[in-house]
1. Is there a residue in region 137-148 that is aromatic (Phe, Trp, Tyr), in the same structural domain as residue 183 (by TED's automatic domain parsing), buried (at least 20 other Cβ atoms within 10 Å of the Cβ) and over 22 Å from residue 195 (Cα atoms)?
2. Which ones in region 131-183 are assigned to a loop (DSSP other than H, G, I, E, B), in contact (Cβ under 8 Å) with a residue 60 or more places away in the chain and farther than 15 Å from residue 78 by Cα?
3. Among the residues in region 76-99, are any over 30 Å from residue 204 (Cβ atoms) and in a helix (DSSP H, G or I)?
4. Restricting the search to region 51-71, which residues are in a helix (DSSP H, G or I) and either among the basic types (Lys, Arg) or in contact (Cβ under 8 Å) with a residue 24 or more places away in the chain (or both)?
5. Name the single residue, out of those in region 44-57 being surrounded by fewer than 15 Cβ atoms within 10 Å (Cβ to Cβ) and modelled with pLDDT of 95 or more, that is farthest from residue 150 (Cα to Cα).
6. Give me the pairs, please: first residue somewhere in region 29-50 and within 16 Å of residue 62 (Cα to Cα) and assigned by TED's automatic domain parsing to the domain that holds residue 73, second residue anywhere and surrounded by fewer than 13 Cβ atoms within 10 Å (Cβ to Cβ) and among the acidic types (Asp, Glu), beta-carbon distance under 9 Å, and either six or more positions apart or on two chains.
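The values are calculated or read from the model by the stated rules, or taken from the named source; none is laboratory data. For clarity, every value in this text was computed on a predicted model and none was experimentally measured. Cβ placement follows ideal geometry from the backbone for every residue including glycine, while neighbour counts extend to all protein chains displayed.
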Amino acid sequence: MDSLRSIASVVVDTPLARHLAGAPPRPSARDAFERARRWFLAGQRIDMQLLADEIGVNRATLYRWVGNRDQFLAEILWSLGEPTLQNIVESTPGAGGDRISRIVGRLCQTLVDSEPLRAYLTREPESALRLITRSASPVQRRFRDAIEALLAHEVAAGNLHLPLELADLAYVITRIAESFIYTDLITGEPPAPEKAEVTIATLLR
């Protein structure tokens, strides 16, 4: 028995060992991300202290994992937006400027119809606009990069001749999309995703 105790005392403390021993796994950054994303989809505010408490870490650890709250929200937003955009790209036929305008128009409509996004915009309008639409925002930067990649593909295929430099045009299209998605917060008028599609189609003709 003493020899068994001595063997047990040198077992390495690994996640596998804890799992086999029935110990609960230690929380991770992924746990924080998944729980916060579920909250966002349910229309719930991301409260960093509450999140830290629920996953069993202190706030300092949580912030070390995810950065500040804006950085964390940006990752959550893009984790939802990227597959949405990818699905739209893959399911939109056509070529050239018409295809790109339809892609952006469909994305705008999807975002306008998104209940979690609308709840977030209603709950935190100023910080949400700052996070989503500022040039320094990782959300806007990644969207611009995606649009730039679409434009580059159509140019390489000979389906599109650009009226502006590639990066500049991607930025303009991004701003047009934002203007019609978040119209209610910017001017008080209802969002108009269909106008984004028409405007971009006109620009790319």
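1. Looking for residues that are aromatic (Phe, Trp, Tyr), in the same structural domain as residue 183 (by TED's automatic domain parsing), buried (at least 20 other Cβ atoms within 10 Å of the Cβ) and over 22 Å from residue 195 (Cα atoms), one finds none in region 137-148, hence no.
2. Matches in region 131-183: 157, 159, 160, 182.
3. Yes, region 76-99 contains a residue that is over 30 Å from residue 204 (Cβ atoms) and in a helix (DSSP H, G or I).
4. 55, 59, 62, 64, 65, 66, 69, 70, 71, listed by residue number.
5. Checking each candidate, the answer is 53.
6. Taking only residues 6 or more apart or on different chains, not a single pair turns up.
Table: residues versus (1) surrounded by fewer than 17 Cβ atoms within 10 Å (Cβ to Cβ); (2) aliphatic (A, V, I, L, M); (3) at pLDDT 95 or above; (4) more than 30 Å from residue 162 (Cβ to Cβ).
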{"residue": "19", "(1), (2), (3), (4)": "yes, no, no, yes"}
{"residue": "28", "(1), (2), (3), (4)": "yes, no, no, yes"}
{"residue": "35", "(1), (2), (3), (4)": "yes, no, yes, yes"}
{"residue": "40", "(1), (2), (3), (4)": "no, no, yes, yes"}
{"residue": "79", "(1), (2), (3), (4)": "yes, no, yes, yes"}
{"residue": "86", "(1), (2), (3), (4)": "yes, no, yes, no"}
{"residue": "89", "(1), (2), (3), (4)": "no, yes, yes, no"}
